[in-house]
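Enquirer: A single structure is presented below for examination.
The values are calculated or read from the model by the stated rules, or taken from the named source; none is laboratory data. Worth saying up front: this structure is predicted, and the values here are computed from it rather than measured. Note: ideal-geometry Cβ built from the backbone for every residue, glycine included; neighbour counts use all protein chains shown. Heavy atoms of the whole protein, side chains included, go into the accessibility calculation; ligands, DNA and RNA do not. Shrake-Rupley method; radii C 1.70, N 1.55, O 1.52, S 1.80 Å.
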Amino acid sequence: MSLFNEETLMYLKKSFSKTDFSEDSFNKLLEWLSESPKWSTIRVNKNLVGDLSKSLKDIENFLQGSFESINKLISAENSRYLVPRCNQLTLIDECIFYESSKKINEDKIRMLEKFAIIDVKCAQAIFRGADIFIPGVISLSLNAKANDLVSIFADLKGKCLRGSDASEYFLKNKEYLKFIGNGWSLFDRDDFYKKEHIKNGIGIKIKELSNGTYIPSFINLNQKNYYPQNLPSMLCARILDPKPGQLILDMCAAPGGKTTHIAELINNKAIKFF
């Protein structure tokens, strides 16, 4: 089941119709693009970090701490995640990558009896390494309490009403929901939706993704020195090969990952940067 909207699907189908890809291959590609990645990549701000060997150690320490925390939470299950090894990409030395980690002694992730509904963009963020903030929880089962485990689904049609009963919506709309994974609700259901209980911060902490992997949230990573970014996005700035003093116009700058990468490569010495 794809995480793409109809407009994007039509564009992709039109583009791939001009290639030698079979329909089966195209559908497999869509399925692959709608799951959590096998590899995660982080871009290092070399202007701030300086010593790249230090940055590798920083990411290793971040992963060690993140997986120690999640393993403590699942210690009663007689299972744990292995801490992944991270490496530096030779051709793009500001790129640090590591493989997603799967649980030991567990082959299949089971869906639970309580549900949470989120939107597609939130699901995409989870697959890159994020917990769910309170505003991202569109719907919860009526009987969901703090510390309950809930199964998380992306609402592909975007029809779920905020504050509705996630269990009821699940029963009526299974074909439009994509299983993302399981996580702990950090509050009672009422705390998410009653005005007097509105809170900021994380609402659901991810335990496991649907394919059995775990990608830690980057919220505790130094955001000035390190930026989670996909490898193809890093390649854009490298292929552009910007030079100090050039006039640079980024016509698709949101949230600005490639823009800041270009600025770092020229040490903020463009004539003007849009």
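Enquirer: For q = 0.19 Å⁻¹, what log10 I(q)/I(0) does the range 91-136 give under the Debye formula with an equal point scatterer on each alpha carbon and no solvent?
Expert: -0.91
Enquirer: Still on this structure, I have one more. What is the Cα convex hull volume of the range 30-69 when expressed per residue in Å³?
Expert: In the range 30-69, the Cα convex hull volume per residue is 95 Å³.
Enquirer: Listed highest first by mean packing, meaning other Cβ atoms within 10 Å per residue, what order do 172-184, 140-152 come in?
Expert: Highest to lowest by the protection proxy: 140-152, 172-184.
Enquirer: Report, in deg cm²/dmol and to the nearest 500, the calculated mean residue ellipticity at 222 nm for the chain, where each DSSP H run with n ≥ 4 adds -39500 (n - 2.57) and the sum is divided by the residue count.
Expert: -9500 deg cm²/dmol
Enquirer: Moving on to the next point. Given a 1.4 Å probe, how much area per residue of the range 226-272 is accessible, in Å²?
Expert: Here the per-residue accessible area is 63 Å².
Enquirer: Scale the Cα Rg of the range 80-191 by the rule-of-thumb value 2.2 N^0.38 Å and send over the ratio, two decimals.
Expert: 1.24
Enquirer: For E175 and C236, what does the FRET efficiency come to when R0 = 30 Å and r is the distance between their Cβ atoms, rounded to the nearest 0.05?
Expert: 0.25
Enquirer: In the chain, which whole DSSP H runs stretch at least 18 Å along their own axis (Cα) and average -1.0 or higher on the Kyte-Doolittle scale?
Expert: Going by DSSP H runs, the hits are 52-73.
Enquirer: For the chain, list log₁₀ I(q)/I(0) at each q in 0.08, 0.10 Å⁻¹, using the Debye formula over Cα point scatterers of equal strength and ignoring solvent, two decimals each.
Expert: Cα-only, vacuum Debye calculation for the chain: -0.40, -0.62.
Enquirer: If you wrap a convex hull around the C-alpha atoms of the range 159-232 and split its volume per residue, what is the figure in Å³?
Expert: 167 Å³
Enquirer: Expressed in nm², what is the orientationally averaged projection area of the convex hull enclosing the Cα positions of the range 127-274?
Expert: 11.4 nm²
Enquirer: Specify the inter-centroid distance of the range 229-256 and the range 14-61, based on alpha-carbon positions, in whole Å.
Expert: Cα centroid of the range 229-256 versus Cα centroid of the range 14-61: 17 Å apart.
Enquirer: Just the number, please: carbon plus sulfur as a percent of the accessible area of the chain, 1.4 Å probe, no ligands or DNA/RNA counted.
Expert: Here carbon and sulfur together make up 54 percent of the probe-accessible area.
Enquirer: Longer than 28 Å from Cα to Cα, which of K121/K145; K72/K157; K57/K205; K145/K178 are they? Say none if no pair is.
Expert: Violating the 28 Å limit, Cα to Cα: K72/K157.
Enquirer: If you don't mind, another one. Could you sort out which of K14/K269; K28/K172; K114/K258 sit more than 29 Å apart by Cα distance in this structure?
Expert: Among K14/K269; K28/K172; K114/K258, the Cα-Cα distance tops 29 Å for K14/K269; K114/K258.
Enquirer: Right, another one. Starting from the range 36-137, pick out the GluC sites (Glu not before Pro) whose DSSP state is loop and whose Cβ has at most 14 other Cβ atoms within 10 Å.
Expert: E113
Enquirer: Another one. Working out 0.36 nm times the residue gap between A254 and D24, then minus their Cα-Cα distance, what length gain in nm do you get to one decimal?
Expert: Gain in length upon complete extension: 79.5 nm.
Enquirer: Ok, one more. Considering only protein heavy atoms, what per residue accessible area in square angstrom results for the range 34-76 with a 1.4 angstrom probe?
Expert: Heavy-atom SASA per residue in the range 34-76 reads 50 Å².
Enquirer: Also, quick follow-up: Based on the alpha carbon coordinates of the range 48-145, what radius of gyration and maximum Cα-Cα distance (Dmax) apply, in Å?
Expert: 17.2, 52
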